[in-house]
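The values are calculated or read from the model by the stated rules, or taken from the named source; none is laboratory data. Worth saying up front: this structure is predicted, and the values here are computed from it rather than measured. For neighbour counting, all protein chains shown are included, and Cβ atoms are generated from backbone atoms with ideal geometry for every residue, glycine included. The area values use the complete protein model at the heavy-atom level, side chains included, leaving out ligands, DNA and RNA. Shrake-Rupley method; radii C 1.70, N 1.55, O 1.52, S 1.80 Å.
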Amino acid sequence: MPIPDGTPPRPRPRPPPVSRFRHSASTWRQGWVWLFTGSDLDRTSSGETTVFRRSSAAIVAATALALTASATAVAAPTAPGFLKGTDLPPHPSSAWFQGQVTKGLPETTPFCLDGVLPATGTWHRTFGTDVDAGATQISVRTASDTAAAKLAASLERKVAACAADWLRTTPGGTASWQDYGKLAVEEGAHVYGVDTSIPDSEPGVHLYGIGRDGSTVTVVNWGQMGHLTDAPVPAFKRTTVTAVNKLNP
């Protein structure tokens, strides 16, 4: 309808079309990939509908992330095999009882072994009797055969020097040690004995079996009151061989 001055009416502007965004399944999945991978999104437009498409880079990144998590779970180390009480040298007046295989080092580090064993990748089991005899086995899963060989060598040096180290810090004490030789099992094992005593106290004797199977190292410590002449060396050598053979059954 003309306005009074005769000018034709201007056309009324149309409101802009309402944008409709379609939340498709692909949109949600792409948002998930972007959130976790940080990849850019590829966007295409068709009319009033906007659709997001997952890029190949995002798919590869998400797949790699899943594979990495899976590989990490598979690579988690498991406890090696351990001795049982019946594998230890028989005691003439008591049966052996055994504790659980426990992750980490024991609360009290066995005599001669302090400061040389790592806490990571380590498990232990303790054994006892109704009398004075006791034993501990500690096993370590290392990162490689080379690392295991170095750890076994460090354990051997520590035990071989134990008697002399103990004497330096124990005035009036007496100590001796014995190398009982190597054993042919897997990558090898070695048995040692240490005898210590102080005045007005019972003497103590300890046997050590140190062995390796691949990247896993074990050390078995047996001890009781007495001297090296009282130690069941042949039976303990058999115990050491069994310990190494059980590491990776």
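May I ask you to order 107-118, 218-229, 163-174 by the average number of other C-beta atoms within 10 Å around their residues, highest value first?
The most tightly packed comes first, giving 218-229, 107-118, 163-174.
Remind me, relative contact order of the range 124-249 in percent, using alpha carbon pairs under 8 angstrom and six or more residues apart?
Reported relative contact order: 26 percent.
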For this session: Please work out how much accessible surface SER139 shows to a 1.4 Å probe, ignoring ligands, DNA and RNA, in Å² rounded to 10.
Result: 0
For this session: Count charges around VAL191 for me, please; just the other residues with Cβ under 13 Å from its Cβ, Lys/Arg as +1, Asp/Glu as -1.
Result: +1
